[in-house]
Each structure stands twice: as C-alpha cells, then as structure tokens.
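Heads up, the thing below is written out as structure tokens.
The values are calculated or read from the model by the stated rules, or taken from the named source; none is laboratory data. Since this is a predicted model, take the numbers as computed values, not measurements. Reconstructed Cβ throughout: ideal geometry from the backbone, glycine too, with neighbour counts over all protein chains shown.
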Amino acid sequence: MGESDWGDWLPAAVAEADPDTVAVWYLGCNGFVLKGADGTTLFIDPYLGIGDPPRTVRMIPVPFDPTDVVEADAVLATHEHSDHVHGPTQAPILSATGADYYAPDASMAVVEGETWTEEWGVVADQFVTVAEGDRFEVGEFTVHVVPVNDPDAEHPVGYVIESDAGTVFHGGDTRPADSFPELADRFDLDLGVLAFGSVGMLPDKETREPKRTQWYADENDVIRAANDLELDRLVPSHWDMWKRLTADPTVLHHHARGFDHPDRLDVVEIGDRIDLYSSD
C-alpha cells in the first residue's frame, strides 16, 4: 500500500461535487469514480497500491488514502488482478461507507483469500457476485454486466452504466472482443474506457528473467475496440501506470482518423474530471 502526498483533496472534490449530469474522475491505472446528479457515487477498479517493485513499478502518485473516502454507494471490480481487486484499497472504502461490492467469481475468490471481512470489518452482505448478463440498480444508475476479452484474466467482465444523462462503458483490461458490435447495437455508448499500453520487457513473475509482456491493447486494437463499440468518446486508461508498459495516449488521435468511431478522444490524467454532456 502506498502513502499519498496529495492529501484528501480528490475524495473531497468528489464528495463536494454537484454535477448536472454525470461527473467522471480518473484515479490513474484503471480506476474511476462516477457521480450522478442525485449524488450516487460508483468506484470502478480503484487501486492505491505500488505494485511489486522492481517487477511492476508504479509511475504515478497515490492520489488519496482510502480512509478519506466518505461517499460511495458501490465499488465495481472488473477482474481478479491485484490492481483491480486490492484489499488495502477497496476494503476500507467498503467498511467506511457501507457500499456494496460487485465483482465476478474469480475476483470474489481474491476477496475471500485476503479475508476482507476479518481484516477490515466488511460485512458479508456487502458482497454481490456478478456474471455476464446480470443487471442491477445503484441509485440513479442501471449497471449491466457484459462480456469482454482479457486473455490474461480468469474471469473478466465489463460494465455498461446507464443513467438519464448518458451511458458509460468500462471494459477493464479488455482487448477487442467479438461481443462489442452486439453491445453497440444494444447500447448508445456516450463514453467508453479502454485500457491502453505498450509492450515491454518485464521480469517474469516466477523466474524474474526479462520476458516480453503485453497486458493491454495497443494503438490499433484500442481504436478497433472503440470503433466496434461505436463510442462517442474514448477515454484511454492504464497507459500511465507501470514502468516499461507506459504509452502516449495522444497517438490515438492519428489511429482514430480513419474510422467512424470514436467521435472524440478525451486524454485525462490522474485526478482529472470530465462530465457527460447535458441531454438538453
């Protein structure tokens, strides 16, 4: 667990915000917060750890302490990897706010292995196991659990989050998926989050020998996924996080020019806020 030198300004900004539509904050890595006009607040894949140096080295600040989060209605996890399911980050948020935790079965296995109920006092009733095709309500948001394609995960899912203000897609660490054209037919996706990164040499987890590693979609695959999903706005994520796998998201402007979608590329940095457009 890393210590933050940012103080509590970011969780305070979320708590104090009164958005007209839906406000979206980028937490770095693949973490986001969504807050609706009625105050409903969702966290998706928040991660405040530092990785496993020197194998995985965090390249961005730890933006807040989880105990500084005072508002959360739900925390959503996309898959079981440690930068998406992380007890020291997520369990204190659940304990302090009473938020529900939604995650697929492989992610819940991590929760059980880390004994969140014993270590952080989270109540068992807060945990909800989800699978593709599920739908649930959190305040003003309707959340659909959808299939994605992350070849490195045991059971990854994505989330389509609907509200009166618009619809947000979070794909976790997905690559392009056969399911995406069908999702484009089902949903009008106003904003989509897709993980993006370079290919690099990382020490193997077991042998620690350098190994060619690709965990995220490259430039061409990100735009392919965005086009298949027919995204109005694309927000690339994860490009900032791990040493040797970082990337320049501005290059996606060039790759997107030859396709119908996304209509717009929103490059955000850790701590930035963007908003869905008003439907008026």
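A few remarks follow.
- Consider region 70-113 and keep the residues that are under 15 Å from the mean Cα position of the chain (by Cα) and in a helix (DSSP H, G or I). The one that is farthest from Leu34 (Cα to Cα) is Ser107.
- Per-region count, region 221-280, residues of a type in the set (Asp, Glu), farther than 20 Å from Val33 by Cα and assigned to a loop (DSSP other than H, G, I, E, B): 5
- Residues that are modelled with pLDDT of 95 or more and within 19 Å of Pro147 (Cβ to Cβ) occur at least once in region 194-212.
- Filtering region 75-90 to residues that are of a type outside the set (D, E, K, R) and either closer than 20 Å to Thr174 by Cβ or crowded, with 24+ Cβ neighbours inside 10 Å (or both) leaves Val75, Leu76, Ala77, Thr78, His79, His81, Ser82, His84, Val85, His86, Thr89, Gln90.
- Residue list for region 241-264, restricted to those being surrounded by fewer than 19 Cβ atoms within 10 Å (Cβ to Cβ) and without any contact (Cβ under 8 Å) to a residue 40 or more places away in the chain: Asp248, Thr250, Val251, His253, His254, His255, Arg257, Gly258, Phe259, Asp260, Asp263, Arg264
- Test: residue in region 219-236 that is at positive phi and within 20 Å of the chain's Cα centre (by Cα): yes
- Count of residues meeting criterion [of a type in the set (Asp, Glu) and under 21 Å from Met241 (Cβ atoms)] in region 74-113: 2
- Hey, Thr115 over 14 Å from Ile44 (Cβ atoms), in contact with a Lys or Arg (Cβ under 7 Å, 6 or more places away or on another chain), among the β-branched types (Val, Ile, Thr) and at pLDDT 95 or above or not: no
- Residue in region 114-127 that is part of a strand (DSSP E or B) and surrounded by fewer than 21 Cβ atoms within 10 Å (Cβ to Cβ) present: yes
- For region 38-58, the set of residues classified as surrounded by 16 or more Cβ atoms within 10 Å (Cβ to Cβ) and either of a type outside the set (D, E, K, R) or modelled with pLDDT under 95 (or both) consists of Thr40, Thr41, Leu42, Phe43, Ile44, Pro46, Tyr47, Leu48, Gly49, Gly51, Thr56, listed by residue number.
- Total residues in region 129-147 satisfying the condition of being out of contact with any Leu (no Cβ under 8 Å at 6 or more places or on another chain), in a strand (DSSP E or B) and crowded, with 17+ Cβ neighbours inside 10 Å: the figure is 2.
- Scanning region 101-113 for residues that are buried (at least 22 other Cβ atoms within 10 Å of the Cβ) and hydrophobic (A, V, I, L, M, F, W, C), we see that the one that is nearest to Ala77 (Cα to Cα) is Ala103.
- Residue-level check: of (1) under 16 Å from the mean Cα position of the chain (by Cα); (2) surrounded by fewer than 18 Cβ atoms within 10 Å (Cβ to Cβ), Pro61 misses just (1).
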